[in-house]
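Data first, discussion second: the structure below is written as structure tokens.
Coordinate-derived values only; no laboratory data. Predicted, not measured: the structure shown is a model, and the values here were computed from it. No Cβ is skipped: glycine too gets one built from the backbone with ideal geometry, and neighbour counts run over all protein chains shown.
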Amino acid sequence: MRRRTLSSTSVVRSYNVAAVLQTLHRAGSCSRSELTELTRMSPSTVSRITAQLIKRGIIVEERLGTSTGGRPPVMLRLDYEKLYVIGVRLMRDTVSLGIFDLNGRPVRKISYAPYGWDPEFLIRELHERIDELLTDAGVRKRSHVLGVGLAVAGVVRSDDGTVVRSVNLGWRDVPVARMLEEALGLPVLVENDANAGALAEMWFGGAGDGGNVMYVKTDAGVGAGIVFEQQLVTGPRGMAGEIGHIPFVADGHPCRCGQRGCLETYVSMPDVLRRYAAAAGRSVDKQTFFDSAKKGDAAAVLLIEEAKSTLTLALTAAAAMLDLDQIIVDGVWGRFSPEFLSGVQAGVQQAMKRTGLDKQVAVQPSRLGEDSDLLGAVGLVTNRLFSPPDVLTAESGGIRRWAGQADA
Ligand SMILES: [Zn+2]
């Protein structure tokens with residue numbers, strides 16, 4: 001496999017620069033001597049790197065430190081609003097992209113329908129749109145863009161940025177990260193959309209406090225992303241969290257995969273609406289379906305109960321096997337109603353109690369709202385940039401590879 005090389009203009013070209021940024025991110029603010037201690041670099045390296053970063057406006061100096069009699073030390077902190085990450089999500093018929101600051105606040109967003117899904121063509125168009133977006137957002141310096149995160153539905157090999165298979169896009173073995181890096185001159189990271197969603201929850205949502213968290217996205221399909229103690233668990237083949245086609249109901253409804261009783265067929269909206277049309281004798285859209293259920297329509301209520309009990313079974317199994325503290329449900333069932341999720345939580349809790357697993361598992365909706373998809377992509381870059389140093393220094397998969405260059 002060809003090693004990914006970067007002709008990146010990004011500021012994070014070296015491991016040392018990244019280490020300084022990470023340390024400032026974790027510490028909030030610190031003096032130069034504290035930075036020297038925490039990064040274990042020489043004082044001259046620290047002062048050279050901080051001088052570069054100050055000149056670029058990426059870190060700022062403040063006199064806020066505690067005085068020990070003399071002048072208070074100069075403290076350094078990241079200027080979060082000067083650093084950007086680009087998030088991209090490739091969906092079945094839409095490309096969404098946005099520029100976010102490092103706090104996850106959107107600066108500019110657009111969505112467009114691409115001319116086609118041929119990878120070469122798509123990358124060329126994406127490149128143009130990203131350039132336009134940067135110009136519109138007034139980001140004049142490419143060096144302030146830390147990287148691009150790409151969220152794709154499908155199986156992704158994230159260490160070399162290849163989409164192994166995406167049914168939605170009709171892609172097989174597309175080295176999309178390398179293609180986009182070569183076009184943009186910026187580091188690009190790719191991840192499955194549910195994994196990206198889990199990272200977004202960790203960095204910007206309700207999963208940042210540690211513990212074991214599973215993020216479940218339910219729309220047309222079902223996918224889950226698992227975060228263990230602040231680390232995304234992808235598995236050796238990128239397949240961890242693929243729970244959609246595990247049968248949870250014996251002799252249940254037939255699923256498009258050929259089995260019966262899969263989680264996906266009970267919670268996927270197209271399947272639920274098809275079953276409603278057969279039972280009620282009329283085809284309705286998602287909103288009408290939920291409105292009918294709220295008015296007590298028996299066929300709709302039954303389908304919602306089925307979705308609730310199957311989701312409860314699946315989440316109970318996951319909570320027991322993975323020792324979860326928290327489950328975040330995003331997508332259609334996460335947004336449907338607070339009663340639905342509290343019903344799921346009560347079911348999970350009851351099963352835990354009966355199996356003697358004496359712990360609380362919180363089942364909650366995502367708090368990230370409409371930006372959650374794009375924030376997932378942004379979370380990829382943030383995660384790589386600010387992961388603990390033991391991961392970053394690993395020769396195989398750390399920031400050396402991501403930065404594509406040796407120490408400055
Ligand atoms: Zn299935």
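Structural remarks
- Cut-off 13 Å between beta-carbons: net charge of the residues surrounding PHE336, Lys and Arg +1, Asp and Glu -1: -1
- Exposure proxy shown here: for MET91, MET75, MET239, the number of other Cβ atoms within 10 Å sets the order, fewest to most, as MET239, MET91, MET75.
- Restraint check, LYS295/LYS353; LYS217/LYS359; LYS217/LYS294, Cα-Cα greater than 31 Å: LYS295/LYS353
- Extending 7 Å from Cα along the Cβ direction at ASP136 and again at SER342 yields two label points whose distance is 4.1 nm.
- Compared with the alpha-carbon gap, the fully stretched path from GLN231 to GLU61 is longer by 58.0 nm at 0.36 nm per residue.
- The residues neighbouring GLY379, those whose beta-carbon lies less than 15 Å from its own, together hold a net charge of -2 under the Lys/Arg +1, Asp/Glu -1 convention.
- P(r) histogram, all alpha-carbon pairs of the chain included - 20 Å bins from 0, percent: 26, 52, 21, 2, 0
- Label reach from VAL167 (point 7 Å along Cα→C-beta): in the range 244-261, amide nitrogens under 13 Å belong to 244-246, 255-259.
- The packing ranking of peptides 130-139, 326-335, highest mean first, is 326-335, 130-139, where packing means the average number of other beta carbon atoms within 10 angstrom of each residue.
- For the chain, the longest principal axis of the C-alpha atoms and the axis of helix 298-322 are separated by about 50°.
- Ordering of 38-46, 364-372, 177-185, 307-315 by burial proxy (mean other Cβ atoms within 10 Å per residue, highest first): 307-315, 177-185, 364-372, 38-46
- With a Förster radius of 60 Å applied to the C-beta separation of ALA362 and ARG71, the computed FRET efficiency comes to 0.80.
- Helix 119-136 axis versus longest C-alpha principal axis of the chain: approximately 60°, rounded to the nearest ten.
- Rel. contact order, % - alpha carbon contacts under 8 angstrom, at least six apart, the chain: 18 percent
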